[in-house]
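The values are calculated or read from the model by the stated rules, or taken from the named source; none is laboratory data. In this text the structure is predicted, and so the values were computed from the model without any measurement. Cβ sites come from the backbone with ideal geometry, for glycine too, and all protein chains shown count toward neighbours.
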Amino acid sequence: MIIEFGHYALVLAFALTLVQSIIPFWGGITGNERLMAVASPVSVMLFILVLISFIVLTMAYLSSDFSVLNVVQNSHSAKPFLYKFTGVWGNHEGSMLLWVLILVFFGALVGFFGGNLPADLRALTLAVQGWVTAGFILFLLATSNPFQRVVNPPLEGADLNPILQDIGLAIHPPLLYVGYVGFSITFSFAVAALILGRTDAAWARWVRPWTLLAWCFLTLGIAMGSYWAYYELGWGGWWFWDPVENASFMPWLAGTALLHSAIVMEKREALKVWTILLAIFTFSLSLLGTFLVRSGVLTSVHAFATDPARGVFILGLLCIFIGGSLALYAWRAPMLKQGGLFAPISREGGLVLNNLFLTAACAAVFVGTLYPLVLDAITGETISVGAPFFNLTFGPLMIPLLMAVPFGPILSWKRGDLLAACQRLYVALGIALAMTLFTFWLWGMEKVLAPLGVGLGVWVMAGAVSEILTRVKLFEIGLKRGISRLWGLPGSAWGTAVAHFGVGVTVLGIVTASAFQEEHIQTMRPGDSVELSGYQVTFDGAAPRRGPNYTEEVGHFTIRKGGVVVSELDPSKRVYTARQMPTTEAGIYTTGFSQVYLSLGESRGDGAVDVRVYFKPMITLIWIGCVIMSIGAVFSMADRRLRVGAPKPSRKRTAAAAPAPAE
Amino acid sequence: MMFWILIAALTAAATLAVLVPLSRNRQPAGAAASKADEAVYREQLETVDRDLKRGLIEPEAAEAARTEIARRLLSASERQTQTVEKSERSLQNKIAIGLAIVFLPAATFGLYIFLGSPDQPDQPLSARLEGPAQGQSVDVLVARVERHLAENPEDGQGWAVIAPVYMTIGQPESSARAYANALRIVGPNADWLTDMGEALTIANQGLVTADARKAFDQAVSLQPEAVKPRFFLALALGQEGRTDEAVAAWEQLLEGEDETQAWVGAARAQLAELQGTAPPVANRPGPTEEDIAVTSDMTAEDRQTMIQGMVSGLAERLSAEGGSVDEWNQLMRAYMVLGEKQKAETALNDALAAYAENPDDLSLIKDAADQLGLTGS
Amino acid sequence: MTRKQMRLTLIGSAGAVLAVALGLILFALNDQIVFFQSPTDITQNTIPDGQRIRLGGLVEEGSIVRSDNAQVEFRVTDMENVVQVTYKGILPDLFREGQGVVTEGIIGTNGIFVADSVLAKHDENYMPKEVAEALKDQGHWQGGEATAN
């Protein structure tokens, strides 16, 4: 009964999205405020309905109800509780339900917190969100219904793909989806703005918190996915330029560009046409990613099941939404008024530069990801575009962008002074040069590019710090007053600086981990040792062990530094019983920001085993940097000027809470 | 019924979410829209002032920004939002109300009837495994015993109960493993050894493997006169190509046996084949394979009847003819692993009554009952 | 600067960045892509020395020879032809005899393929997509239909 209730709630949600697609839209274009008022309560109701069906599906998983086909195919009664839970979205149907849940969640957020929006914009935005939701619920019900029942339920399920049985699965997809799907709301805002002809600075101001929210989660989701692949696949790599990774990286690049161009639109009413286009592109890339991953065009852990009907359906949705929005754009965009002017050297100019490089990089990733598919479809020739392609195209486009990052926030609006900006940055430049020389001195000339890369990372970090210090004029007004001014800085200023600092941290991590890593692949017998980067890794032996739904061969290793034991690691190779599928569990010892990484290969009888040993200097900085970037986004969202919510009460509150001016 | 009430309530809630905002009076949209715009631009003006105070921007830049924002403020307040005639408006509202009251429930219900299966109950695994044994499919009963054994892997009698069941549902490997466990825990037993050998043989398409031979040998050493193990041993000799020994074994086996026994025919056929006097019968391990063939053709209900028949057969025989202490204990145990505590208690009481005059046996039964957590009454 | 100059500068710099990006992409596409080849392709066509290729097929049963220091040799077959592969490193979890595999590397003058990466990433059929297609071309693969669920 409960399961059918969840099924019914999903069907009801579909019918309600149709109502949502029609009534507020009609009201919005004809100015009937009663019809517009329907949008907000219905958006909340939709969220409740989809949430009910999601909770019901979760309950079916937790109670191992094998009368639900989806549970039979993806669960197992012996699976640990956590993986029964996370298994809900570890398969095609469940993950699409999560997709829809996040879609309506963002709609409900706008419905609930959108009190400061004009009624027509809010109604139309929610109606457009309703169109997207209707398309995806129809996709669920028609091709991948998670509530399909089995008449004679079996007693055991087929278990979850073991690679997905990891805490990473609990965190990575929901984060990624919130980001991915979150850009749907900026898309809806953009389409609504085009329909209403209302693209002005205020629009950009209203959209920005939503972009920030989606971007923040997408950043975390990608970072989490990267770390998960790093320790679960056992290859020691953290980014493979795999098409599925690219599918999530392209919306990130476009979304980052959108974040920056929206600032120009908000402050100067310039770049309107471009910002709207970016908003459409970002979500289109999210849809494209979903298509690539879900249609089975690509082979990967993420491609749960391949069914041509699903691919065709998503392709249809893709064409309708992207084609429709671009057609609307082509029709309405020429009517938009031109905005403010600016000189090439100015804050706007810097943000334009940022957009140019980010979109060019996004285009490079796009070509590299889709070219093999297109070539295969046209000529039947199978090629692979791997890391060398992306290193050669993406890398050179990022370097000038990173060099320019510290200048951007320091230039003033409209007309900037590059020389003055340079003067403000000379300390940062000095630190970066010093670090470059220091790295050269440490490593010599054998790796010429690496010290330059280190310098680049430090330059971005130091630039971010010096931006904050310049803003409060710390050196001019003294420490005490400086700190109090630091406190009074607007959240968006902090957000910019923190996020840029995070970029520098990630760059530093990427450079050091790639250039200075040490790797040994060796067959080891018990008692054998490997020396690397000052650590001595000794293999003590291997023993079998049983887990709840797998058996594993666990190697025991002792890590010593200067003869002193610093850590013991137990990397293992597992075989999951239900699917007879092996996985590798890496052993990782973190010291400072660096890691010693062990993964086991084949056993060779006689107690010997192939072992892969890495020393990855400062590798954790890659992910720490991403977390810092997201914290930056949170700072920006916390800016009182951007705070979402009904305008009147929140303004009263902030006026009371705002600190007295420092003067 | 409950289900229909619930979905009716849910549908009503969704309809209300549309109807309530439609029925309220609102201020005209145009005014509200320009207010929202103005709020943004006023904030921007405040920001410029604050930045100027902090010295973050030059006074000229602040002035330029203010002019720009003021221009936006002006154009926002001039914005004209189109509004429709009152008559058209009320028509719109009626259509919207119609959508909510008619379309929403009708579409949802129609689509759900097409897609859903409202009559199918939830079937969480634990409930299926814990419900009454009566009327459950044989798979559920097996899963229940398996769960019991997973928790009590040292329950030898439990393994002995499930082993023949595995045979009847066509899983000879599992059956052999169960017999092996029972033998390891309880100790050697000629019948179990024989059945284990048979299971191994069937699992190998009728080939008597070395493990199976070992089991049959051990069974014969425990019970030299037993027919079944000797039958398989003779078969093994034939399969190994030791024709003379096989012929001797078959002849010894058939010596003085009752011709009406089912296995005799098969044995004669084997013997004839070995002696080359009969058309060869394709590698027949004996009647057992046919048994399995029969059971695997059975429907689920037939199997269920069969498994319950096995337990109730034992129960009937014990209550009618009486039986050994071991048999009584086995019955109680069978009921317990099938989750039928009530019947186990009854069996205990019957057993206590049957052995009331024999204190030694009585204490054996009581010990077994204690282990099972039975109290008797 | 006049309005026109400002716009020209903007368009000019945009054009420059896009031209650079386009140039990079075209250059990289020419140089850095790797073609997928089956053992039959390798035997029939001549592949220029030092050209990176992806070789895909099935790991021939009984062909895996391991030596110390994680050195592995095996043969990749598409049921028509066979290529000897040598690789130093840890094989992926799903690398097995008789299963599909994709290796990337350079073919040596002695005809032995020196792989620097071995992939066995695949769906539940234990078959990389490229390999499945190559085998289908050779008529040795009938799977793939039964798994739609």
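Numbers below:
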quantity: Boolean, B:ARG177 is of a type in the set (Lys, Arg) and within 20 Å of B:SER312 (Cα to Cα); calculated: no
quantity: Among (1) crowded, with 22+ Cβ neighbours inside 10 Å; (2) under 27 Å from C:ALA14 (Cβ atoms); (3) out of contact with any Ser or Thr (no Cβ under 8 Å at 6 or more places or on another chain) - the single one A:THR439 does not satisfy; calculated: (2)
quantity: Tabulated pairs, region B:69-86, first at pLDDT below 65, second assigned to a loop (DSSP other than H, G, I, E, B) and surrounded by 13 or more Cβ atoms within 10 Å (Cβ to Cβ), C-beta under 7 angstrom, 6+ apart or interchain; calculated: B:THR81/A:GLY31; B:GLN82/A:GLY31; B:THR83/A:GLY31; B:VAL84/A:GLY31; B:VAL84/A:ASN32
quantity: Filtered residue count, region A:333-371, keeping only those that are free of Cβ contacts under 8 Å to residues at least 40 places away in the same chain and either surrounded by 18 or more Cβ atoms within 10 Å (Cβ to Cβ) or within 24 Å of A:ASN246 (Cβ to Cβ) (or both); calculated: 8
quantity: Residue check for A:THR86: buried (at least 23 other Cβ atoms within 10 Å of the Cβ) and within 22 Å of A:SER53 (Cα to Cα); calculated: yes
quantity: Members of region B:51-68 that are assigned to a helix (DSSP H, G or I) and either facing chain A (nearest Cβ under 8 Å) or touching a residue at least 40 places away in the same chain (Cβ under 8 Å) (or both); calculated: B:LYS53, B:ARG54, B:ALA61, B:ALA64, B:ALA65, B:GLU68
quantity: Yes/no for A:LEU69 being more than 9 Å from chain B (Cβ to nearest Cβ) and among the aliphatic types (A, V, I, L, M); calculated: yes
quantity: Checklist (1) assigned to a loop (DSSP other than H, G, I, E, B); (2) within 9 Å of another protein chain (Cβ to nearest Cβ) applied to A:LEU141, failing item; calculated: (1)
quantity: Residue count for region C:58-104, restricted to those that are crowded, with 16+ Cβ neighbours inside 10 Å and at positive phi; calculated: 3
quantity: From B:GLU154, B:GLU146, residue being away from chain A (no Cβ under 13 Å) and at pLDDT 75 or above; calculated: B:GLU154
quantity: Single unsatisfied condition, A:PHE106 versus (1) surrounded by 24 or more Cβ atoms within 10 Å (Cβ to Cβ); (2) not in a helix (DSSP H, G or I); calculated: (2)
quantity: Residues within region A:582-604 that are part of a loop (DSSP other than H, G, I, E, B), farther than 14 Å from A:LEU233 by Cβ and of a type in the set (A, V, I, L, M), tallied; calculated: 0
quantity: Criterion: within 14 Å of another protein chain (Cβ to nearest Cβ) and either at pLDDT 85 or above or surrounded by fewer than 20 Cβ atoms within 10 Å (Cβ to Cβ) (or both) - qualifying residue of B:PRO132, B:PRO164, B:PRO121, B:PRO188; calculated: B:PRO121
quantity: Single unsatisfied condition, A:ALA39 versus (1) facing chain B (nearest Cβ under 7 Å); (2) crowded, with 24+ Cβ neighbours inside 10 Å; calculated: (1)
quantity: Complete set of residues in region C:1-45 that are of a type in the set (A, V, I, L, M), surrounded by 18 or more Cβ atoms within 10 Å (Cβ to Cβ) and more than 7 Å from chain A (Cβ to nearest Cβ); calculated: C:ILE42
quantity: Region A:314-345: number of residues that are out of contact with any helix residue (DSSP H, G or I) (no Cβ under 9 Å at 6 or more places or on another chain) and in a loop (DSSP other than H, G, I, E, B); calculated: 0
quantity: Any hit, region B:346-367, residues being under 16 Å from B:GLY158 (Cβ atoms) and surrounded by fewer than 16 Cβ atoms within 10 Å (Cβ to Cβ); calculated: no
quantity: Residue list for region A:373-388, restricted to those being in a helix (DSSP H, G or I) and more than 8 Å from every other protein chain (Cβ to nearest Cβ); calculated: A:LEU373, A:VAL374, A:LEU375, A:ASP376, A:ALA377, A:ILE378, A:THR379, A:ALA387
quantity: Which listed residue is within 16 Å of B:MET167 (Cβ to Cβ) and at pLDDT 80 or above, from B:LEU237, B:LEU200, B:LEU233; calculated: B:LEU200
quantity: Test: A:PHE281 is in contact with a Gly (Cβ under 8 Å, 6 or more places away or on another chain), crowded, with 19+ Cβ neighbours inside 10 Å, at pLDDT 75 or above and hydrophobic (A, V, I, L, M, F, W, C); calculated: no
quantity: Test result for A:ALA360, within 8 Å of chain C (Cβ to nearest Cβ) and either at pLDDT 90 or above or within 30 Å of A:VAL128 (Cα to Cα) (or both); calculated: yes
quantity: Any hit, region A:47-60, residues being surrounded by 24 or more Cβ atoms within 10 Å (Cβ to Cβ) and closer than 29 Å to A:ALA193 by Cβ; calculated: yes
quantity: Subset of region B:312-334 (residues that are surrounded by fewer than 13 Cβ atoms within 10 Å (Cβ to Cβ) and within 10 Å of B:ASP350 (Cβ to Cβ)); calculated: none
quantity: Within region B:206-250, tally of residues that are under 17 Å from B:GLY265 (Cα atoms), free of Cβ contacts under 8 Å to residues at least 40 places away in the same chain and of a type in the set (Phe, Trp, Tyr); calculated: 1
quantity: Subset of region B:263-290 (residues that are in a helix (DSSP H, G or I) and at pLDDT below 65); calculated: B:PRO287, B:THR288, B:GLU289, B:GLU290
quantity: Yes/no for A:GLY130 being facing chain B (nearest Cβ under 9 Å) and crowded, with 24+ Cβ neighbours inside 10 Å; calculated: no
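Here is a yes/no grid of residues against (1) aliphatic (A, V, I, L, M); (2) free of Cβ contacts under 8 Å to residues at least 60 places away in the same chain; (3) within 14 Å of chain C (Cβ to nearest Cβ):
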{"position": "A:THR591", "(1), (2), (3)": "no, yes, no"}
{"position": "A:GLN595", "(1), (2), (3)": "no, yes, no"}
{"position": "A:ASP606", "(1), (2), (3)": "no, no, yes"}
{"position": "A:ARG612", "(1), (2), (3)": "no, no, yes"}
{"position": "A:PHE615", "(1), (2), (3)": "no, no, no"}
{"position": "A:VAL627", "(1), (2), (3)": "yes, no, no"}
{"position": "A:ILE631", "(1), (2), (3)": "yes, no, no"}
